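**Student:** To start, I am sharing the structure in question, which I have written as structure tokens.
Values quoted throughout were computed directly from the atomic coordinates according to the rules given, and no laboratory measurement underlies them. Nothing here was measured: the structure is a model prediction, and the numbers come from that model. Virtual Cβ from ideal backbone geometry, glycine too; neighbours counted across all protein chains shown.
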């Protein structure tokens, strides 16, 4: 396995000069932003259809809320299993090709192949078990690519650029979701399901060129058979001891503020999945929209939210502070859904529903950018990829838990209360946020780092 970790060949100045034409992410800020933007866009393409387009299509074709919720739960499940692969990515890699780039390439290939398989599921609406199984695999590779991308972002994006990078990355994913929702639904209605998914697969395949032809750091290989070697920076970051990795992760994650961040992420992301799964059912079944109507309006609203998030999300967090802006965002969501729920008289008004979708998606995007920026800042760099992934895993467990509540809540309550349940859960997250202390978390992490350094100096231990 050690050969896998440090796969490289002897090089000299003349041989390294042969790979100077390939750009280096660690040395180019604009190129870094652009790369993470397109990789997050690629994640958004299958998610747009799995989380929004297909549920609306299923609702349009008479599937029950329980069946739609089951599809939503199964396809989001892999995002809750990310922590199973994150430590593997921290522990093993082909260092001569970069610390996380080989994993990104693998995830991108899997994403393309699994999407093609999804396109050829026979009679998907009447073959739900197979449909959900293949959807699970698509989501798995989306989550796989996400873990690797986040790990590379933490490794090579300077701390003072992380908030803005989070804004661009998350905004790009939202744009990818909205674009795939709009285009994918149009293709389903114009042609068929197979054509729709194959077209989206082709776009994901084109994005493959970014990780294939960009290096993380100077002197690295483009492919295993090309010239290059591992950079000193990646050698320092690489963890080569399982015991050290898990011991450090346990120490940082059991800090009071780490646990608090995890609970807030669980509630917030679960709430967003709840309302995201509920809206296509609400508009199609209660308001009589078609899946095309829903997809057109929601995709446009999501696109606006993504673009505004890319332009302003990271900047607002940088200038005004994370906790302050998160208080504003969460409180705004509570007010928004309360107005929407109580003004039932205006539900038949398409402009009212569309206005709600636009405002919700803008605040949603800002909230996600703030949440992920907080989670990234509170990570210990030694195990930051695994720690950040653990946060995201817990967040996605929240998505499964709250999406599972849709069936029983809707079966026992009217649409107004079913919608207000979102406001109640967001109010709980807002309450818990008041106890979060980022500065104390940073000091606690610094203390752990000092203890770790003392241990290395005293015992010569290198994790």
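**Student:** Mind checking the angle between helix 101-119 and the chain's longest principal axis? C-alpha axes, 0 to 90 degrees, to the nearest 10.
**Tutor:** Taking the Cα atoms of the chain, the angle to 101-119 is about 30 degrees.
**Student:** Fewest to most neighbouring Cβ within 10 Å: what's the order for 197, 174, 359?
**Tutor:** Numbers: 197 28, 174 31, 359 18.
Fewest to most other Cβ atoms nearby, the residues stand as 359, 197, 174.
**Student:** For the chain, divide the Cα radius of gyration by the Kirkwood radius and give the resulting Rg/Rh value with two decimals.
**Tutor:** Details: Rg = 22.3 Å, Rh = 22.8 Å.
Result: Rg/Rh = 0.98.
**Student:** OK, next. Starting with the fewest neighbours, write out 214, 84 ranked by other beta-carbon atoms found within 10 Å of each beta-carbon.
**Tutor:** Numbers: 214 20, 84 13.
Sorted ascending by nearby Cβ count, the order is 84, 214.
**Student:** Another question, if that's okay. Over what distance in Å are the Cα centres of the range 48-116 and the range 165-194 separated?
**Tutor:** 15
**Student:** Once label points are set 7 Å from the Cα along Cα→Cβ at both residue 290 and residue 428, what is their separation, rounded to one decimal in nm?
**Tutor:** Using points 7 Å along Cα→Cβ, the separation is 4.0 nm.
**Student:** Counting every Cα pair in the range 277-402, what percent are over 20 Å apart?
**Tutor:** Values: 4315 of 7875 pairs.
Roughly 55 percent, once rounded to a whole number.
**Student:** Just subtract the alpha-carbon distance of residue 126 and residue 324 from 0.36 nm times their residue separation and send over the number in nm, one decimal. If you can, show how the numbers build up before the last one.
**Tutor:** Values: separation 198, 0.36 × 198 = 71.28 nm, distance 4.84 nm.
Contour length minus the Cα-Cα distance gives 66.4 nm.
**Student:** Right, another one. Which angle between 0 and 90 degrees, to the nearest 10, do you get for helix 256-281 versus the longest principal axis of the chain when only C-alpha atoms count?
**Tutor:** Roughly 40 degrees between the two axes.
**Student:** While we're looking at this one, here's another question. What percent do you get for the relative contact order of the chain when only Cα pairs under 8 Å and 6+ apart count? Mind dumping the intermediate values first?
**Tutor:** Working: 729 pairs, mean separation 121.8, N = 463.
Reported as a whole number, the value is 26 percent.
**Student:** On a 0 to 90° scale, report how tilted helix 438-459 is relative to the longest principal axis of the chain, with both axes built from alpha carbons and the result rounded to the nearest 10.
**Tutor:** Approximately 30 degrees, to the nearest ten.
**Student:** Here is a follow-up. Grab the alpha carbons of the range 341-461, take their convex hull, and tell me the volume per residue in Å³.
**Tutor:** Numbers: hull volume 15.8 nm³, N = 121.
So the per-residue hull volume is 130 Å³.
**Student:** For the range 381-399 and the range 234-275, what is the separation of their C-alpha centers, rounded to whole Å?
**Tutor:** 5
**Student:** Stick to the Cα atoms of the range 177-317, pair each with every other, and give me the Kirkwood hydrodynamic radius in Å at one decimal. Write down the numbers at each step before the final one.
**Tutor:** Working: mean 1/r = 0.0495 Å⁻¹.
Every distinct Cα pair counted, the radius reaches 20.2 Å.
**Student:** Restricting things to alpha carbons, tell me how big the range 164-235 is in terms of Rg and Dmax, in Å.
**Tutor:** Computed over the Cα atoms of the range 164-235, radius of gyration and Dmax are 17.8, 53 Å.
**Student:** I need the peptides 437-449, 394-406, 250-262 ranked by packing, meaning the mean over residues of other C-beta atoms within 10 angstrom, with the highest value on top. Numbers along the way, then the final one.
**Tutor:** Details: 437-449: 14.7, 394-406: 21.5, 250-262: 17.2.
Ranking, from highest mean packing down: 394-406, 250-262, 437-449.
**Student:** What does the helix-only formula give at 222 nm for the chain: each DSSP H stretch with n ≥ 4 adding -39500 (n - 2.57), the total divided by the residues, and the result rounded to the nearest 500 deg cm²/dmol?
**Tutor:** Values: 22 runs with 337 residues, N = 463.
Calculated at 222 nm, the ellipticity per residue is -24000 deg cm²/dmol.
**Student:** Something else now. Would you mind ranking 54, 154 so that the residue whose beta carbon has the fewest other beta carbons within 10 Å leads the list?
**Tutor:** Working: 54 30, 154 20.
Final ranking by Cβ density, sparse to dense: 154, 54.
**Student:** Same structure, new question: What is the extension gain from residue 31 to residue 331, computed as 0.36 nm multiplied by their sequence separation minus the C-alpha to C-alpha distance, in nm to one decimal?
**Tutor:** Numbers: separation 300, 0.36 × 300 = 108.00 nm, distance 3.59 nm.
Computed gain between residue 31 and residue 331 is 104.4 nm.
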